[in-house]
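Notes to accompany the following structure.
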Amino acid sequence: AGMTPQDFERFQHNSQDCGVLLYYAGEFTPAMIAAAADSLKGRLASEEAGSAAKRKVFSTFIEMAQNVLHYAAANAEPGLPQPPASGAIAVGRDASEGDAGHYWLVCSNPVHVEHIARLTEKLNALQSMSLAEIKESYRAQLRNAEHSDTDAISKGAGLGLLTIARDASAPLEYSFASTADPRSRTAQFYVKARV
């Protein structure tokens, strides 16, 4: 039956309760990312937060969206056309008491199951690092030319996660959810950052 008007009303109320400023789900392309970024810029312009916080929200949004493209490249089967990048992203204001000026960003996208262990290792390491250690690791990753160009998880997405962690005010949160199809070789990957 699809979404009823009542379902949509509940969806709207839930979005408002969570402080959602922007939500997108579907195919990610450079044009879509640019359009969503313009929309987010407009929403942030009317926010009372300082310019530094707004810059971090905006840059984190761009990194998360770019990561969806990186993971799609990493999921591609050799010799076959790359599947379209798909995922979801949301940006919101933390409305809880005492958190004025804080924002959250969440994104999700499919990842190949064989990448889960490496991503878990990277994210667990990031969660335990100080900001100084994150910044040093970011600089080291920029200098590191040893990765093969096809290693999108380590080279592209790994750098993206470091960039997101560098701008976050708390450790990144993440989870993986397997699909309903037991034959599927992908899982849904979720990352949340607070800025």
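The values are calculated or read from the model by the stated rules, or taken from the named source; none is laboratory data. Being a predicted model, the structure only gives us computed values, none of them experimental. FYI the Cβ positions are ideal-geometry reconstructions off the backbone, even for glycines, and counts take in every protein chain you see. Protein only, heavy atoms only, side chains kept; ligands, DNA and RNA dropped before computing areas. Shrake-Rupley method; radii C 1.70, N 1.55, O 1.52, S 1.80 Å.
Of note:
- The lysine pair tally for the chain, using Cα distances under 21 Å and a gap of 8 or more places or different chains, is 13.
- Measuring how big the stretch 28-84 is from its alpha-carbon positions, Rg and Dmax come out at 14.7, 49 Å.
- Order of exposure, largest accessible area first, which applies to HIS70, HIS112, HIS13 with probe 1.4 Å: HIS13, HIS70, HIS112
- Calculated SAXS-style log₁₀ I(q)/I(0) at q = 0.08, 0.09, 0.13 Å⁻¹ - the chain, Debye, Cα scatterers: -0.28, -0.36, -0.75
- Using Cβ point charges alone (K and R +1, D and E -1), the dipole size of the chain about the Cα centre works out to roughly 360 debye.
- Under a model in which nothing but the beta-carbon of Lys, Arg (+1) and Asp, Glu (-1) is charged, the stretch 34-95 shows a dipole of about 200 debye around its Cα centre.
- Estimated at 0.36 nm per residue, the fully extended path between GLU114 and GLU47 surpasses their Cα-Cα distance by 20.1 nm.
- Our helix-only sum for the chain, with -39,500 (n - 2.57) per DSSP H run of n ≥ 4 divided by its residues, gives a mean residue ellipticity at 222 nm of -15000 deg cm²/dmol.
- Simple label model, 7 Å out from Cα along Cβ direction - ASP38 to ARG10, nm: 3.5 nm
- With 0.36 nm allotted per residue and the present C-alpha distance subtracted, the TYR190-ALA25 stretch has 58.1 nm of extension available.
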